[in-house]
Amino acid sequence: MPVVAAVNSLDANYAVGGRSEAANEDTIIDYSFLIFQLVGAYNPTTLDIHATFYAKIPFVGRIEVTTLQGNLKDGITSNVNLVLAKGTVGLRLAGKQVICDVDLDIKFIGKIKQSVPLFVIWLVF
């Protein structure tokens, strides 16, 4: 089971775990799993998200793999075609659970294909 970091927030009205009392505010996300990190923010009312996806590669360090921007209801997929990484990264909803789909071939590491549950959207939509 991957290790997932806690959700931080932009506003003191947010409770632990990303549950929002101020629904019009964006919630900051910062999740780490496997060799990856997803950093950004999403709006729990509109489900719009803007996040940067990073990878930690041996001998190289942390690299920006892609930016994911769009609406979680529609799902978001980004094609990756870097010297050190090729494939796709996506975000989607499965019920109220946000899932990160990773299908990357990474230099010095190899192929990683995994779907990782990140967090639950608490508001009713």
Among residues belonging to segment 111-125 that are open to solvent by 20 Å² or more (accessible area, probe 1.4 Å) and at pLDDT 90 or above, point out the one that is farthest from the chain's Cα centre (by Cα).
LYS111
Only one of THR66, THR88 is among the hydroxyl-bearing types (Ser, Thr, Tyr), under 25 Å from VAL120 (Cα atoms) and surrounded by 17 or more Cβ atoms within 10 Å (Cβ to Cβ); which?
THR66
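Here is a yes/no grid of residues against (1) of a type in the set (A, V, I, L, M); (2) farther than 28 Å from PHE108 by Cα; (3) surrounded by fewer than 16 Cβ atoms within 10 Å (Cβ to Cβ); (4) modelled with pLDDT under 95:
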| residue | (1), (2), (3), (4) |
| --- | --- |
| ASP26 | no, yes, no, yes |
| LEU34 | yes, no, yes, yes |
| THR46 | no, yes, yes, yes |
| PHE59 | no, no, yes, yes |
| SER78 | no, no, no, no |
Would you check which residues across segment 48-57 are open to solvent by less than 20 Å² (accessible area, probe 1.4 Å) and either under 13 Å from CYS100 (Cα atoms) or under 10 Å from the mean Cα position of the chain (by Cα) (or both) and list them?
ILE49, ALA51, PHE53
Select from segment 87-125 the residues that are closer than 27 Å to LEU47 by Cα and among the basic types (Lys, Arg) and list them in ascending order.
ARG92, LYS96, LYS113
Matching residues in segment 26-49 - criterion: being part of a strand (DSSP E or B) and closer than 18 Å to LEU93 by Cβ:
THR27, ILE29, TYR31, PHE33, LEU38, GLY40, ALA41, TYR42, ASP48, ILE49
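The values are calculated or read from the model by the stated rules, or taken from the named source; none is laboratory data. This is a predicted model, so every value here is computed, not measured. Note that each Cβ is placed from the backbone with ideal geometry, even for glycine, and that neighbours are counted across all protein chains shown. Ligands, DNA and RNA are excluded from the accessible area calculation, which covers all protein heavy atoms including side chains. Shrake-Rupley method; radii C 1.70, N 1.55, O 1.52, S 1.80 Å.
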